[in-house]
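J.: I have a structure I would like to understand better, so I am pasting it below and will then ask my questions one at a time.
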Amino acid sequence: MSLVLSEEQHLLKQTAAEFISEHSPITHLRAMRDTADPIGFSKDLWKEMAELGWTGILLPEQYGGSELGMAELGVLLEECGRTLAPYPFLSTAVMGATAIALGGNEKQKSNILPGISSGEQIVAVAFQENPRFAPYAISTSARPSDDGFILSGQKAWVWDACGADQLIVAARTSGEPGDRRGISLFLVEPSCQGIAITKTQMVDSRNSARIEFDDVIINSEALVGELNEGAEILDAVYERCTTALAAELFGISQEIFERTLEYLKTREQFGTLIGTFQALKHRAADLFCEVELTHSIVLEALRAIDEDRPYRERLVSAAKARASDTASRVCREALQMHGGIGMTDEVDIGLFMKRAKAAEIALGDSSFHRNRFAEVTGF
Amino acid sequence: MDEETILENFRNELRNWLEANCPKALRDSAANTKNSPRQEDHAAWLKACASRGYTTPTWPKEYGGGGLSKEEHSILLEEIDRIGTHIAPVSFFGTSMLGPVLLEFGSEAQKKEHMPKITSGEIQWCQGYSEPGAGSDLASLQTRAVRQGNDFIINGSKIWTTGAHHADWMFCLVRTDPNAPKHDGISFILFDLHQPGVTISPLMLISGQSDFCQVFFEDVKAKAENLVGELNAGWTIAKRLLQHERSMLSGGMPGGARPSKKESGSQKATAPRSYLAESARPYLGEEGGQLNDPILRDQIAQYELDSLCFGLSLQRSGQEAKAGQGPGAASSMFKLYASEMNKRRSELVMSIQGASGLGWEGEGFTPGELFETRGWLRSKGNSIEGGTSEVQLNVIAKRVLGLPD
């Protein structure tokens, strides 16, 4: 597939850029943060996004989805990155939708997926337990009981868990933490007895929570996919979400680079525009190259998933590693080039830097993905 | 006939032609060690390629080229690749730099005179750009050309002239108006190097090679009809040619990571490999398939990862430019990145090889080690030749980012 946008994708990009910059400019995130909004985004606006076909972008038409692919999702996430739109794309439209669409039975699909497509269901996927991402380091357990399972343990950094309508929980049903086999996924109502969801104040002001499962009784119908084979689903969920994060990080990089370039062209010191200084010009040119290279690998990884290419995990890891490093570097340089003003909360750079850091760490930072890239390449 | 049929016919005809004309000894290049090609084979293959203009496949037929469309050109490359051979090489400076510039700026007579001789391999060209006092600041060049009757008389010196000692002609930047602002007094002219007053001295590099020369001119003559473009308007041509040079350098670097066919093809099921990592195995050792030195392993991964991104960017830029524009300012980005990548690769190889990479020649080292070591030294020039990395950054800052002067 071509590494340039098709006409339809281009149109989607235009619509997304217009809609998001109008309805969720960066002041929207600021307002959510400053009013300590309990869920951090507007459910009404999410429903409007649903009407545009975005929340069910990866879902089949029979469940109300728009049946597009990762390439299109990437276009949306890139625009979200540009304004730091705090919407539950990753939790619901990517992770939740993928888990149920790939692993769910017919009943689960028809219960959950139409609600995702219509924007009425927010789904949070609880997988992470340790500060550094390790895909199968899951010790939260689900032990068999009379007619189902008893869930106990803790999850942390669960995106959009506050106010979520459904939880998908990755729990261990056999083996040891770290084993790929022995993980099972469960679809759980957050209101179940024994579940405590505690909001965590995150640096990027996004909806995130710790969840405690204190002997939560769930019935056997809650199981998503095969018992002990949850990693099959989880891998696909990770893969899509990792690539989506790379697209968001690329959007952040582009935005912050353009803002910095504009600053270099308008800020005067020593009686001249600071963009005339070679010390800054060269760094700006260098950043431009980094952003361009990142763009290419992000496009390629998104397309590789759509085309179901073998060995695509190499491209996915390359995209996440690259996009993480580039976003981090562009943010650091942006702050330095803005000087003192860049340190203020009033100027947006800090907000981008904070979100970039969160997205960088999520699902494995660049060293995690470089290591995986090397493994897949056979060294 | 629809387009598909025409192209299919083209392919069939081409296959037959290749079968009849490509010497057997030049096919399946890697496997063919028994039957090593002779001088006659190379000569016959060059003659055959040139007769159809395949040495310059996309140039118009009236100037000796193959006159192939983009689609036909891809078919030619595929078929050549299929039988494991290469198009017979002719002057690189002719095909990649002078030819495109003549097509854009040359007179009809110049195209008719010079392009067919590039195609046929008759004339080897070299590039007279840098001077001892004009490196990165190329426009400050001082080699003078003064009109005298039907000739220009040239005095001065050029340096870093690649392959001048094997070349027949030079395309050269000369100062024709010393009083004009520096960019406005330069002309682009062609002349024969086989004449009195031309002295060519190869320069020994730190790598022990001498592919560069210094060339001295003492009352050397260039015919006025070989002035390309207007008098004193050579800088525009010079810059355009540099774009072609950058594109060529970024595509042709040895680890500069052209997108390999395997990577760019959409559905290849072959497991990805890293040549660099494979070659590091004997030096670093391994455990469970992983290279033993975790830091070098990470550096190799970073190199391979960047190389992948670079290859994809070349591919994307090609797709974006499909509209048919010439290489734009992005060529600076690719030139910059390819040279920096190649230097990085060489430094990595030197770290990997340890003391085995310290050999200069002779016994005690494998040919591969000796080659890499010389390559490491030679690679240092990558970010200097064809415009330093700093100059590329300036070009990007100005032309792409629009930063003020």
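J.: Pick from segment B:127-169 the residues that are of a type in the set (S, T, Y) and within 22 Å of the chain's Cα centre (by Cα): which of them is surrounded by the fewest Cβ atoms within 10 Å (Cβ to Cβ)?
T.: Looking only at segment B:127-169, we keep the residues that are of a type in the set (S, T, Y), and these are B:129-130, B:136, B:140, B:143, B:157, B:161-162.
Those still in the list that are within 22 Å of the chain's Cα centre (by Cα) too: B:129-130, B:136, B:161-162.
Details: B:Y129: 24, B:S130: 21, B:S136: 12, B:T161: 27, B:T162: 17.
The selected residue is B:S136.
J.: Scan segment A:176-186 residue by residue and report those that are open to solvent by 30 Å² or more (accessible area, probe 1.4 Å) and touching a residue at least 24 places away in the same chain (Cβ under 8 Å). Full working, then the answer.
T.: Narrowing segment A:176-186 to residues open to solvent by 30 Å² or more (accessible area, probe 1.4 Å): A:176-181.
If the condition is that a residue be open to solvent by 30 Å² or more (accessible area, probe 1.4 Å) and touching a residue at least 24 places away in the same chain (Cβ under 8 Å), then A:P177, A:G178, A:D179, A:R180, A:R181 are the ones that fit.
J.: Another question about this same structure. Quick check: is even one residue across segment A:71-88 assigned to a loop (DSSP other than H, G, I, E, B), closer than 23 Å to A:V203 by Cα, of a type in the set (G, A, S) and touching a residue at least 12 places away in the same chain (Cβ under 8 Å)?
T.: Step one: of segment A:71-88, the residues assigned to a loop (DSSP other than H, G, I, E, B) are A:84-88.
Those still in the list that are closer than 23 Å to A:V203 by Cα too: A:84-88.
Remaining after also requiring of a type in the set (G, A, S): A:85.
Checking the rest, the ones that are also touching a residue at least 12 places away in the same chain (Cβ under 8 Å) come to A:85.
The answer is yes, given that some residue of segment A:71-88 is assigned to a loop (DSSP other than H, G, I, E, B), closer than 23 Å to A:V203 by Cα, of a type in the set (G, A, S) and touching a residue at least 12 places away in the same chain (Cβ under 8 Å).
J.: Since A:E313 meets every condition but one in (1) acidic (D, E); (2) facing chain B (nearest Cβ under 9 Å); (3) in contact (Cβ under 8 Å) with a residue 60 or more places away in the chain, which condition does it not meet?
T.: So A:E313 meets the others, but not (2).
J.: Within segment B:65-79, how many residues turn out to be surrounded by fewer than 19 Cβ atoms within 10 Å (Cβ to Cβ) and not charged (D, E, K, R)?
T.: The qualifying residues number 6.
J.: With B:P367, B:P404 as the choices, which residue is more than 14 Å from chain A (Cβ to nearest Cβ), without any contact (Cβ under 8 Å) to a residue 40 or more places away in the chain and either within 12 Å of B:R246 (Cα to Cα) or surrounded by fewer than 20 Cβ atoms within 10 Å (Cβ to Cβ) (or both)? Talk me through it step by step, then tell me what you get.
T.: Working: B:P404 fails: more than 14 Å from chain A (Cβ to nearest Cβ).
Only one candidate passes the filter, namely B:P367.
J.: Please tell me if A:L335 is open to solvent by less than 10 Å² (accessible area, probe 1.4 Å) and farther than 20 Å from A:V237 by Cα. Talk me through it step by step, then tell me what you get.
T.: Details: open to solvent by less than 10 Å² (accessible area, probe 1.4 Å): no; farther than 20 Å from A:V237 by Cα: yes.
Criteria not met by A:L335.
J.: Here are some residues: B:L296, B:L305. Which one is modelled with pLDDT of 90 or more and surrounded by fewer than 23 Cβ atoms within 10 Å (Cβ to Cβ)?
T.: Numbers: B:L305 fails: surrounded by fewer than 23 Cβ atoms within 10 Å (Cβ to Cβ).
Sole residue among the options that is modelled with pLDDT of 90 or more and surrounded by fewer than 23 Cβ atoms within 10 Å (Cβ to Cβ): B:L296.
J.: Sticking with this structure for a sec: Give A:K281, A:K199 a once-over and let me know the one that is within 13 Å of chain B (Cβ to nearest Cβ) and either open to solvent by less than 20 Å² (accessible area, probe 1.4 Å) or among the basic types (K, R) (or both).
T.: Details: A:K199 fails: within 13 Å of chain B (Cβ to nearest Cβ).
A:K281 is the lone residue from the list that is within 13 Å of chain B (Cβ to nearest Cβ) and either open to solvent by less than 20 Å² (accessible area, probe 1.4 Å) or among the basic types (K, R) (or both).
J.: Could we say that A:F352 is in a helix (DSSP H, G or I), facing chain B (nearest Cβ under 7 Å), open to solvent by less than 10 Å² (accessible area, probe 1.4 Å) and among the aromatic types (F, W, Y) here? Don't jump to the end; show me each part of the working.
T.: Details: in a helix (DSSP H, G or I): yes; facing chain B (nearest Cβ under 7 Å): no; open to solvent by less than 10 Å² (accessible area, probe 1.4 Å): yes; among the aromatic types (F, W, Y): yes.
For A:F352, the condition - in a helix (DSSP H, G or I), facing chain B (nearest Cβ under 7 Å), open to solvent by less than 10 Å² (accessible area, probe 1.4 Å) and among the aromatic types (F, W, Y) - is not met.
J.: Let me ask another. Out of segment B:101-117, which residues are out of contact with any Phe, Trp or Tyr (no Cβ under 9 Å at 6 or more places or on another chain) and assigned to a helix (DSSP H, G or I)?
T.: B:E104, B:E108, B:A109, B:Q110, B:E113
J.: Further question on the same structure: Only residues that are part of a strand (DSSP E or B) and over 16 Å from B:A167 (Cβ atoms): list them for segment B:188-204, please.
T.: Within segment B:188-204, the first condition is being part of a strand (DSSP E or B), and the residues that meet it are B:188-192, B:198-203.
B:F188 - this is the single residue of segment B:188-204 that is part of a strand (DSSP E or B) and over 16 Å from B:A167 (Cβ atoms).
A quick yes/no check of all residues on (1) under 30 Å from B:A164 (Cβ atoms); (2) crowded, with 19+ Cβ neighbours inside 10 Å:
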residue	(1), (2)
B:D28	no, no
B:K47	yes, no
B:H86	yes, no
B:T95	yes, yes
B:L98	yes, yes
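J.: For segment A:225-239, how many residues are out of contact with any Asp or Glu (no Cβ under 8 Å at 6 or more places or on another chain) and surrounded by fewer than 23 Cβ atoms within 10 Å (Cβ to Cβ)? Show your work before the answer.
T.: To start, the set of residues in segment A:225-239 that are out of contact with any Asp or Glu (no Cβ under 8 Å at 6 or more places or on another chain) comprises A:227-231, A:233-238.
Within this subset, residues satisfying the condition of being surrounded by fewer than 23 Cβ atoms within 10 Å (Cβ to Cβ) are A:227-229, A:231, A:235-236, A:238.
The total comes to 7.
J.: Let me ask something else. For segment B:327-347, enumerate the residues that are within 13 Å of chain A (Cβ to nearest Cβ) and either modelled with pLDDT of 95 or more or surrounded by 21 or more Cβ atoms within 10 Å (Cβ to Cβ) (or both). Reasoning before the result, please.
T.: Keep residues of segment B:327-347 that are within 13 Å of chain A (Cβ to nearest Cβ), which gives B:328-341.
If the condition is that a residue be within 13 Å of chain A (Cβ to nearest Cβ) and either modelled with pLDDT of 95 or more or surrounded by 21 or more Cβ atoms within 10 Å (Cβ to Cβ) (or both), then B:A330, B:S331, B:S332, B:M333, B:F334, B:K335, B:L336, B:Y337, B:A338, B:S339, B:E340, B:M341 are the ones that fit.
J.: Just checking, does segment A:294-308 include any residue being in contact (Cβ under 8 Å) with a residue 40 or more places away in the chain, over 25 Å from B:R273 (Cβ atoms) and buried (at least 17 other Cβ atoms within 10 Å of the Cβ)?
T.: Within segment A:294-308 (the criterion being in contact (Cβ under 8 Å) with a residue 40 or more places away in the chain, over 25 Å from B:R273 (Cβ atoms) and buried (at least 17 other Cβ atoms within 10 Å of the Cβ)), the answer is yes, since at least one residue qualifies.
J.: Under the condition of being assigned to a loop (DSSP other than H, G, I, E, B) and touching a strand residue (DSSP E or B) at 6+ places or on another chain (Cβ under 8 Å), which residue from segment A:202-224 is surrounded by the fewest Cβ atoms within 10 Å (Cβ to Cβ)? Talk me through it step by step, then tell me what you get.
T.: Quick first cut of segment A:202-224, residues assigned to a loop (DSSP other than H, G, I, E, B) only: A:202-207.
Applying the additional criterion that residues be touching a strand residue (DSSP E or B) at 6+ places or on another chain (Cβ under 8 Å) yields A:202, A:206-207.
Values: A:M202: 16, A:R206: 24, A:N207: 26.
Of everything passing the filter in segment A:202-224, A:M202 is surrounded by the fewest Cβ atoms within 10 Å (Cβ to Cβ).
J.: Kindly list the number of the only condition in (1) of a type in the set (K, R); (2) in contact with a Ser or Thr (Cβ under 6 Å, 6 or more places away or on another chain); (3) more than 30 Å from A:T260 (Cβ to Cβ) that fails for B:K335.
T.: (3)
J.: May I pose another question? Of all residues in segment A:359-375, which are surrounded by 19 or more Cβ atoms within 10 Å (Cβ to Cβ) and part of a helix (DSSP H, G or I)?
T.: Answer for segment A:359-375, where residues must be surrounded by 19 or more Cβ atoms within 10 Å (Cβ to Cβ) and part of a helix (DSSP H, G or I): A:A359, A:E360, A:S366, A:F368, A:H369, A:R370, A:R372, A:F373, A:A374.
J.: Those residues that are open to solvent by 30 Å² or more (accessible area, probe 1.4 Å), within 17 Å of B:C126 (Cβ to Cβ) and in a strand (DSSP E or B), I need them from segment B:205-229; list them, please.
T.: Answer for segment B:205-229, where residues must be open to solvent by 30 Å² or more (accessible area, probe 1.4 Å), within 17 Å of B:C126 (Cβ to Cβ) and in a strand (DSSP E or B): B:Q214, B:F216.
The values are calculated or read from the model by the stated rules, or taken from the named source; none is laboratory data. Note that the structure is predicted; figures quoted are calculated from it, not measured. With ideal geometry, Cβ positions are generated from the backbone for all residues, glycine too; neighbour counts draw on all protein chains shown. When the accessible area is computed, the model is the full protein with side chains, heavy atoms only, and any ligands, DNA or RNA have been set aside. Shrake-Rupley method; radii C 1.70, N 1.55, O 1.52, S 1.80 Å.
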